[in-house]
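*Asks:* Pasting a structure below so you can have a look.
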Amino acid sequence: MLRKLSLIAFTILLGSCGGGDAYDPAHDYFTFANTNQFITRHIALDLEVDFAAEKLRGSAVLYLKVIDDSAETITLDTRDLDIKSVAVVAEDGSLQAATFDFGDTDAGMGTPLHIAAPDDIDTETELVIRIAYETSPDASALMWLPAELTAGGKQPMVFSQSQAIHARSWIPLQDTPSIRVTYEASISTPVELLAVMSANNDPLTPRRGEFHFEMPQPIPSYLIALAVGNLYFAPIGEVTGVYTEPELLDASVYEFGQVQEMMDVAVANFGPYQWGRYDLLVLPPSFPYGGMENPRLSFLTPSLLAGDRSLVSVVAHELAHSWSGNLVTNATWRDGWLNEGMTSYLESRLMEIIYDVDRADEAKVLDYEELLLNFESVPVERQSLAPRLDSGDADDVQGTIHYHKGRLFLEHLEIEFGRDRMDQFLLAYFDEFAFKTITSEVFLDYLDDELLSVIPDVVSRDDAEGWLYQPGLPTDAPIPFSKTLSEATAHAQSWASGEIELQDIPTANWSPQAMRHFINSLPADLTRDQLVALDAHLGLSATSNAEIGRTWFIQVATRRFEPAYEALELHLNRFGRTRLVAIVYEALASNGHDLELGEAMFERARHAYHPITITAIERVFARAEADANGEV
Ligand code: BES
Ligand code: ZN
């Protein structure tokens, strides 16, 4: 249930692209590629996976459409790539060496690779370029896991994470979501291992050390993905299944057993699934995200394996990206809400049907609270859905604002226009923009044409622009409400004030979400004895649910509840997903006493963390140190 209440309103009016400079909201500031002159249509990869050297080695052939035949240079994105040679491939397949050089390296964006274009290019003829290269062991997209960091402990593994701008660290390409490519790949691996990609994985492929993939649907570069390891497959439904190490296969099949049902519901509501199969890949704990929507094969953290299917909203989310994100893609990272906000909305819709409205409402309330917290730390100019974005870290644009504020915007539209209208709009939207990339402004115009102007005086264009370009939340934003979570809050308060005993708290019927909300609602002044009793009664420090653990250990660190520090450190070592650990370090670093202890725990755990997670935690400590030293 969503209640309309007037709210904690924002008042500050800020244009998204204020100032008189030449900021172009449709331009992707995170690529060096000259996509106004050349556009890649297809990529053919031929790569050998060398675990000993921690390198991919081979070639990428780029098939380019020439937009501007006077262009002299093709500029590609790279990061830490060792480029061996570049050649133009003639129609008969012969190679003509091409000259190339590098531009200045930018810490965030990598190094532009400039290739001299042949004199005789024309807009009618495809230009084919072959680049021989190898990756660096430090490639930001690739995590090379030694055997001991896998479930089986016997074979190494490597997996990629290309979003947002890491594809350039394993493939020289035009690394921008504003263009789409099809791809094919030949991957050679040690014979005992299996390679999978965001492409046509065949569950029956024999292990011969040679794998060939085709991805016939055009996708943005951030969705190109590869994993190689001791992986096995188990089917779940007609077009769904799961890949993981044998040690995790049964648990994964159980946990994600509803994925086919999710697929059927998604198709019934959002339109045809355009990608063939939909499989899941459950990775080791070092995977830095909850999930990544690589097409046909979502990559997942093993921290979802709670044993009770309580964390499967992440699967609903990644599946929903098959429509919002993968089919209709944000043109630049500034438009990320079109991917993440729309997906969060679809995720709730799926959860309502697969579970029930209460379950979806509980998640919305927790997300809403996260959003309010985000507004406290995200600068106002980054609080709009479509902020000005021409610098910074493309992986971390503005906390979770794209997700939760984006979902609220779509819920607002649903409430105002009714679910039927909203569903018609969504179906038409996914159809209209299938396999296209769009900006927030294209969305706005389409929304205006298809909904706002069709049924006038319900939501004005000004209102919609407020959501896109202004910070905070509009006064008429929906406020999520959940009866069960409100009851959990009430119980937290009455227990803390001594009105009821621990055994009177009706936890037996609670979802993990209710437990999290209960923990978040505990008053700040609980005594140590109360915390000891609570932890013993509810088994919080020993929880096997990663999200309950996250919520509890934030409190443990904030309140300096030292009896649980050992368990807290276990949590930090057990999980590598950034969301689960970075905030716990933050709570330690900012409680006024445990900055050094937190840093020591990080030193002990970091060998198992992904570079993206390490960067996020380093940022936490840098900020805490600056705060501790009185710097602003
Ligand atoms: N596409 C994102 C992950 C991502 C975002 C990678 C930005 C790199 C840059 C993925 O779909 C996602 O949103 N994952 C969430 C899951 C959640 C919101 C259900 C995560 O990992 O927490
Ligand atoms: Zn997402």
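*Asks:* Calculate log10 I(q)/I(0) of segment 34-171 for q = 0.15, 0.22 Å⁻¹, where I(q) comes from the Debye formula with a single equal point scatterer on each Cα and nothing for solvent.
*Replies:* Taken in order of the listed q values, log10 I(q)/I(0) reads -0.76, -1.38.
*Asks:* Going highest first, how would you order 221-227, 546-552, 428-434 by mean Cβ packing within 10 Å?
*Replies:* Ranking the peptides 221-227, 546-552, 428-434 by packing returns 221-227, 546-552, 428-434.
*Asks:* Also, I was wondering about something else. Expressed in nm to one decimal, what extension gain is obtained for the pair THR475 and ASP449 from 0.36 nm per residue of sequence separation less their Cα-Cα distance?
*Replies:* Additional length available on full extension: 6.9 nm.
*Asks:* Counting only pairs 8 or more residues apart or on different chains, how many lysine pairs in the chain have their Cα atoms under 26 Å apart?
*Replies:* The number of close lysine pairs in the chain is 11.
*Asks:* So how do 470-481, 594-605 stack up, highest first, on mean other-Cβ count within 10 Å?
*Replies:* 470-481, 594-605
*Asks:* Between ARG382 and LEU502, what is the FRET efficiency for a Förster distance of 35 Å, r being their Cβ-Cβ separation, to the nearest 0.05?
*Replies:* Taking R0 as 35 Å, the efficiency between ARG382 and LEU502 is 0.25.
*Asks:* Next question. Tell me, what is the FRET efficiency for THR73 and ALA628 to the nearest 0.05, using R0 = 51 angstrom and their Cβ-Cβ distance as r?
*Replies:* My answer for the efficiency is 0.60.
*Asks:* If you don't mind, another one. Based on the Cα atoms of the chain, what semi-axes does the equivalent ellipsoid have, where each is the square root of 5 times one gyration tensor eigenvalue, given in whole Å with the largest first?
*Replies:* Square roots of five times the eigenvalues give 40, 30, 24 Å.
*Asks:* Only helical DSSP H runs with n ≥ 4 go in: add -39500 (n - 2.57) per run for the chain, normalise by residue count and round the 222 nm mean residue ellipticity to 500 deg cm²/dmol.
*Replies:* Using -39500 (n - 2.57) per qualifying helix, the result is -11000 deg cm²/dmol.
*Asks:* So, R0 is 51 Å and r is the distance between the beta-carbons of ASP119 and ASN573; what FRET efficiency does that work out to, to 0.05?
*Replies:* With a Förster radius of 51 Å, E is 0.30.
*Asks:* Using Cα centres only, tell me the gap between segment 82-99 and segment 400-432 in whole Å.
*Replies:* Between the Cα centre of segment 82-99 and that of segment 400-432, the gap is 47 Å.
*Asks:* In terms of the ratio Rg/(2.2 N^0.38 Å) built on C-alpha atoms, what value belongs to segment 334-469?
*Replies:* Compared with the compact-globule rule of thumb, segment 334-469 sits at 1.05.
*Asks:* Follow-up question, since we're still on this one. Please sort 535-542, 49-56 by packing, taking for each peptide the average over its residues of neighbouring beta carbons within 10 angstrom, highest first.
*Replies:* 49-56, 535-542
Just so you know, all these numbers are worked out from the coordinates, no wet-lab data involved. In this text, all values refer to a predicted model and were calculated from it rather than measured experimentally. So basically every Cβ, Gly included, is an ideal-geometry build from the backbone, and we count neighbours across all protein chains shown.
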